[in-house]
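Let me begin by presenting the structure, written as structure tokens, before commenting on it.
The values are calculated or read from the model by the stated rules, or taken from the named source; none is laboratory data. Only a predicted model underlies this, so the values are computations on that prediction, with no experimental measurement involved. Cβ sites come from the backbone with ideal geometry, for glycine too, and all protein chains shown count toward neighbours. Surface areas here come from the heavy atoms of the whole protein model, side chains and all, with no ligands, DNA or RNA. Shrake-Rupley method; radii C 1.70, N 1.55, O 1.52, S 1.80 Å.
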Amino acid sequence: FDKDFPLKMAKLCKYADVILPNISEAAFMTGMPYPGENASNECIKDLLLSLAKLGSKKIVITGVESADHKFGFMGYEQKSFLNTTLPKSK
């Protein structure tokens, strides 16, 4: 995994109907700073919007943790956000 890998993956996004990166992959592909695993919803939305500019129709960022420590994902499709969390498994 070198610096060229996320750039090549980002170029492939325009051909994808759906992409499912985690937070760190999303940051690498967009060139945005890695916000950490406890990224705010606004930060995740910024990542989603940056990923949308790459051309994919539907984007889901996995590994999103809410303020109340629930685990899930946040998605984006055609100007609409979706946020789903589940209780963390013990």
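Determine the sum of side-chain charges near Q78: Lys and Arg each +1, Asp and Glu each -1, restricted to other residues whose C-beta is under 11 angstrom from that of Q78. Present the calculation step by step, with values, prior to reporting the outcome.
Details: positive: K57, K58, K79; negative: E77.
Every neighbour counted, the sum reads +2.
Per-residue ellipticity at 222 nm, computed for the chain from helices alone with -39500 (n - 2.57) per DSSP H run of at least four residues, works out to -9500 deg cm²/dmol.
Here the spin labels are modelled as points 7 Å beyond Cα on the Cα-Cβ line, and at D68 and D2 they lie 4.7 nm apart.
Accessible area of the range 17-69 with a 1.4 Å probe: how many percent of it is carbon plus sulfur? Ligands and nucleic acids excluded, carbon and sulfur give 54 percent.
Ranked by accessible surface with a 1.4 Å probe, highest first, in what order do Y15, Y34, Y76 come?
Values: Y15 165, Y34 120, Y76 35 Å².
Result of the area sort, largest leading: Y15, Y34, Y76.
Taking +1 at the Cβ of each Lys and Arg and -1 at the Cβ of each Asp and Glu, which of A10, Q78, G36 sits farthest along the dipole of the chain towards its positive end, judged by Cα position relative to the Cα centre? Value computed over the given set: Q78.
Computed from point charges on the beta carbon alone (+1 for Lys and Arg, -1 for Asp and Glu), the dipole magnitude for the chain about its Cα centre is near 260 Debye. Per-residue surface analysis assigns K11 an accessible area of about 150 Å², computed on protein heavy atoms at 1.4 Å probe radius.
Which entries in K11/K57; K8/K45; K11/K70; K11/K79 show an alpha-carbon gap greater than 25 Å? Mind dumping the intermediate values first?
Working: K11/K57 14 Å; K8/K45 22 Å; K11/K70 32 Å; K11/K79 21 Å.
In this structure, K11/K70 exceed 25 Å between Cα atoms.
The value obtained for the chain, namely the Cα convex hull volume divided by the number of residues, is 94 Å³ per residue.
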